[in-house]
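Just so it is clear, none of the values below were taken in a lab; they were calculated from the coordinates. The structure presented is a predicted model; accordingly, all values stated were derived computationally and were not measured. Cβ: placed from backbone, ideal geometry, glycine included. Neighbour counts: every protein chain shown.
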Amino acid sequence: MTDESLERRLREIEDREAIRELPLRYCDCVWRRDADGVGALYTEDGRFDLGLDSGPIEGRAAISAFLRQSFSEGGPWPFIHNHVFDINGDRARGRCSFEVRAGDFISFGFYEDEYAREGAKWRFRSRKAVLLGAARSGDG
């Protein structure tokens, strides 16, 4: 195995781990009510689309502001599952399923994510929630 091959393989492993961590860090920040921490996971021009009538939230600062407001209203408690993605150079695309609990309300679906390398860090370039269903707890 050449040094170049080993370097390429190591970089791919590092990239995979960094991307794999993004949804986990997202949930950790939401659970801790760290709106700026969530915002920092996005590229400066990142986009967060929750399917709201007001449209997608554009930009790191706007994402943080939206979540800060959401957290003050009780906000969500997300759980992420089944993260899959493909890397293509400094860009990647993936999906992960979610459950979001807010009070006695539970929603579920998946995120369609785009990731981008900014300098040495991977970040969300775009995150779109695709809602598959929702119910009140105990509605079984």
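The table that follows gives values for the structure above.
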quantity: Alpha-carbon centroids, the stretch 39-87 and the stretch 103-140: separation in whole Å; calculated: 8
quantity: In degrees, nearest ten, helix 3-31 long axis to first principal axis of the chain (Cα); calculated: 10
quantity: Sparse-neighbourhood loop sites, GluC sites (Glu not before Pro) in the stretch 31-115 - DSSP loop, at most 13 other Cβ within 10 angstrom; calculated: E73
quantity: Length-normalised contact order for the chain - Cα pairs under 8 Å, 6+ apart - percent; calculated: 21
quantity: Where labels lie 7 Å past Cα in the beta-carbon direction, separation of L52 and K121 in nm; calculated: 2.3
quantity: For the chain, calculated [θ]222 nm from helices alone, where every DSSP H run of n ≥ 4 adds -39500 (n - 2.57); calculated: -11000 deg cm²/dmol
quantity: Sparse-neighbour loop sites [trypsin sites (Lys or Arg not before Pro); the stretch 1-39; at most 11 other C-beta within 10 Å; DSSP]; calculated: R32
quantity: Among beta bridges that DSSP assigns inside the stretch 3-136, antiparallel share in %, nearest 5; calculated: 90
quantity: Relative compactness, the chain, computed as alpha-carbon Rg over 2.2 N^0.38 Å; calculated: 1.13
